[in-house]
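The values are calculated or read from the model by the stated rules, or taken from the named source; none is laboratory data. If you're wondering where the values come from, they're calculated on a predicted model, not measured in any experiment. Please note: Cβ atoms are built from the backbone with ideal geometry, for glycine as well, and neighbour counts cover all protein chains shown. Protein only, heavy atoms only, side chains kept; ligands, DNA and RNA dropped before computing areas. Shrake-Rupley method; radii C 1.70, N 1.55, O 1.52, S 1.80 Å.
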Amino acid sequence: MKIFFPEDKDKLRLIKAGDVVEFYGTIYTARDAAHQRLQEMLDKKSELPVDFSSSFIYYAGPTPTKPGKVIGSIGPTTSSRMDSYAKMMKELNVIGTIGKGPRDEFCSSFYKDNHILYFVTTGGCGALLSKAVVEAEEIAFLDLGPESIKRLKVEGFKMICAIDYMGNDIFGGK
């Protein structure tokens, strides 16, 4: 299924666990260190550097960009490392996350209850995934290097729905 976002936002509810999605639109990268900073900012009620409303967060930290390329290899990080930040996704109004591997039981249930989709990409395919990135901009926490938050414009970014709105989970949940 092709999703042109945000134009196809209503089509998100049609996605089922196991569906392959070809995504066109904007996604943000954020890994462990960025999640921790965002949580600290939310706890202190500080202004966030990015409005994540109705966005997708990709758990990835790209390798250095080679000359003539838009971005380096951008493979997924193990998602379970972000499970403790599941509640933060609702606070940020995130509608989908992207990574690799299963989520814990609480996270899977929380995603279902709060209509947050979870997608996976294949580890080891970072160079291939980088070809879908047509624009990349480092926008927050630049001191974190590869773990800074980046805004990516992607065209044909392939991913698989791992947890859908009904709570169906390709890793064995519901």
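Given the options 47, 40, name the one that is among the acidic types (Asp, Glu), open to solvent by 50 Å² or more (accessible area, probe 1.4 Å), modelled with pLDDT of 95 or more and in a loop (DSSP other than H, G, I, E, B). When all the criteria are applied, what remains is 47. When the criteria are applied in full, residue 57 fails the requirement of being in contact with a Leu (Cβ under 6 Å, 6 or more places away or on another chain), surrounded by 14 or more Cβ atoms within 10 Å (Cβ to Cβ) and in a strand (DSSP E or B).
Among the residues making up segment 73-92, those that are surrounded by 18 or more Cβ atoms within 10 Å (Cβ to Cβ), touching a strand residue (DSSP E or B) at 6+ places or on another chain (Cβ under 9 Å), touching a residue at least 40 places away in the same chain (Cβ under 8 Å) and not polar (S, T, N, Q) are 74, 75, 76, 82, 92. Given the options 99, 123, name the one that is part of a loop (DSSP other than H, G, I, E, B) and either of a type in the set (Asp, Glu) or in contact with a Ser or Thr (Cβ under 9 Å, 6 or more places away or on another chain) (or both). It is 123. Figure legend. Inter-residue proximity from segment 154-174: first residues surrounded by fewer than 20 Cβ atoms within 10 Å (Cβ to Cβ), second residues aromatic (Phe, Trp, Tyr), beta-carbon distance below 9 Å, spacing 6+ or different chains. Indicated pairs: 155/23; 155/24; 156/23; 156/24; 158/23; 160/119; 165/111; 167/111.
Does residue 159 satisfy the criteria of being assigned to a helix (DSSP H, G or I) and touching a strand residue (DSSP E or B) at 6+ places or on another chain (Cβ under 7 Å)? No: the conditions fail for residue 159.
For every residue, the table says whether it meets (1) under 17 Å from residue 27 (Cα atoms); (2) among the hydroxyl-bearing types (Ser, Thr, Tyr).
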site: 99; (1), (2): yes, no
site: 102; (1), (2): no, no
site: 111; (1), (2): no, yes
site: 116; (1), (2): yes, no
site: 137; (1), (2): yes, no
site: 160; (1), (2): yes, no
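Screening 107, 125 for residues that are in contact (Cβ under 8 Å) with a residue 12 or more places away in the chain and open to solvent by 30 Å² or more (accessible area, probe 1.4 Å) leaves exactly one candidate, 125. The single condition among (1) open to solvent by 10 Å² or more (accessible area, probe 1.4 Å); (2) farther than 19 Å from residue 16 by Cβ that residue 114 does not meet is (2).
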